[in-house]
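Have a look at the structure below, then the notes.
The values are calculated or read from the model by the stated rules, or taken from the named source; none is laboratory data. These numbers come from a predicted model, not from an experiment. Every residue, glycine among them, receives a Cβ derived from its backbone with ideal geometry; neighbour counts consider all protein chains shown.
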Amino acid sequence: MGISMYPDDGRDVDTLLKKADMARFEAKNTYEKIVFFTEQMESYIAENTLFTNRLFNSLENEEFFLEFQPQISCDTGKTIGIEALLRWTSDGERRVSPDRFIPILEQTGLICDVGLWVLKQAIQEHIRLVAKGLPPLRIAVNLSIVQLQRENFVYDFVKIIEESGISPKYIELEITESSFFENPKDIIEKIRKLKKLGVTIAIDDFGKGYSSLNRLKSVPFDRIKIDKEIIDYMDFEGKEAPITKSIILLAKAYSANITVEGVETKEQADFLKSMSCNEIQGFYFSKPLSSKLLEDFLKNESCRYCPVN
Ligand code: C2E
Ligand code: CA
Ligand code: CA
């Protein structure tokens, strides 16, 4: 229920109803029973409207771009994959957080076209790096449930992958556990088709919030990405980190590869290596990088491993 108060929020019925409606909208989104109208709510909703209007033209106006975050192998210490992360500047310069604009892309369905664009760009980056003489990297692309629910989803993805000429084994799709809450049979069927082509599947944000381990039982996946929340918990738990350890052991029970996200310190990285995790992604190694900075990062990395003359 949304509530607005006379006279602070307005002195006429129309204004009070409009503001109560905004509070009701907030209540619906946050699952709170009662929400009172606040000024911040008004500016947030105004900004939402502005962003929504702009996002309808953002692909055409070339306002999106990607950054890439290296995924480092614990065995070799080298980059083995990169995660493509979507970026948006709403007015030519001001960056808006993905956590703010991606839900709008999802609500409007725009994520479907933008998601195809992300896949194409990520493939191009892979091809570009190989052309520069760098070793081929696996590229990870995030998938929204809205994309997965679309009927043409598999057809569109397969078409882009086949037309690009990339070997599908270099493509990984990141999906969250919550994607299987609704109509899991349909989603699993689509994933099977993509896996048949040769792409790999990662379960993103593992351990974050509510986990439905039972649902994962029937999902064909190759990797589990353990969420930053679990790694942050390590600092709170101290050296032995029993909860973090048990989540890693739980992930291992699925016999999948394990990537740990949000690793920021050497202590965390050393602990995760000692737990035989496969890969690490986080600011400790690198923040998400522009195309140019990624290339420099990879070149420096191969130099680090060059024998010194
Ligand atoms: P995600 O898939 O969990 O991506 C990892 C997020 O963690 C990224 O945030 C990355 O910058 C951040 N991160 C990585 N390492 C560290 C670290 O060591 N410390 C901290 N504090 N953060 C770290 P970002 O780029 O803001 O993306 C947020 C979310 O937006 C992503 O979370 C993903 O759910 C979504 N997203 C990004 N790009 C796309 C996309 O192309 N499609 C879809 N559907 N979602 C996307
Ligand atoms: Ca991800
Ligand atoms: Ca994640």
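Observations, loosely collected:
- Some residue of the stretch 165-182 being in contact (Cβ under 8 Å) with a residue 40 or more places away in the chain and either farther than 21 Å from C277 by Cα or outside the structural domain of G262 (by TED's automatic domain parsing) (or both): yes
- If the condition is being within 18 Å of P103 (Cβ to Cβ) and in a helix (DSSP H, G or I), then the stretch 11-42 contributes M22, F25, E26, A27, K28, N29, T30, Q40, M41.
- Search result, residues across the stretch 211-257 that are more than 16 Å from ligand 2 (Cβ to nearest atom) and among the charged types (D, E, K, R): R215, K217, D232, D235, E237, K239, E240, K245, K252
- Test set (1) farther than 30 Å from M275 by Cβ; (2) within 13 Å of ligand 1 (Cβ to nearest atom); (3) of a type in the set (S, T, N, Q) - Q124 fails condition number: (2)
- Scanning the stretch 217-240 for residues that are within 16 Å of ligand 3 (Cβ to nearest atom) and either not in a helix (DSSP H, G or I) or not aromatic (F, W, Y) (or both) returns F221, D222, R223, I224, K225, I226, D227, K228, E229, I230, I231, D232.
- Filtered by the rule that a residue be at pLDDT 85 or above, exposed (fewer than 13 other Cβ atoms within 10 Å of the Cβ) and not small (G, A, S), the stretch 18-47 gives a lone residue, I34.
- Residue match in the stretch 240-255 (condition: free of Cβ contacts under 8 Å to residues at least 40 places away in the same chain, assigned by TED's automatic domain parsing to the domain that holds E163, surrounded by 13 or more Cβ atoms within 10 Å (Cβ to Cβ) and on the phi > 0 side of the Ramachandran plot): yes
- Taking the criterion of being within 16 Å of ligand 3 (Cβ to nearest atom), among the aliphatic types (A, V, I, L, M) and in a strand (DSSP E or B), the residues of the stretch 72-129 that qualify are I72, I82, A84, L85, L86.
- Residue within the stretch 210-221 that is at pLDDT 90 or above, within 12 Å of ligand 1 (Cβ to nearest atom) and among the β-branched types (V, I, T) present: no
- Scanning the stretch 82-108 for residues that are away from ligand 1 (no atom under 13 Å from the Cβ) and under 25 Å from Q281 (Cα atoms) gives a single hit, T89.
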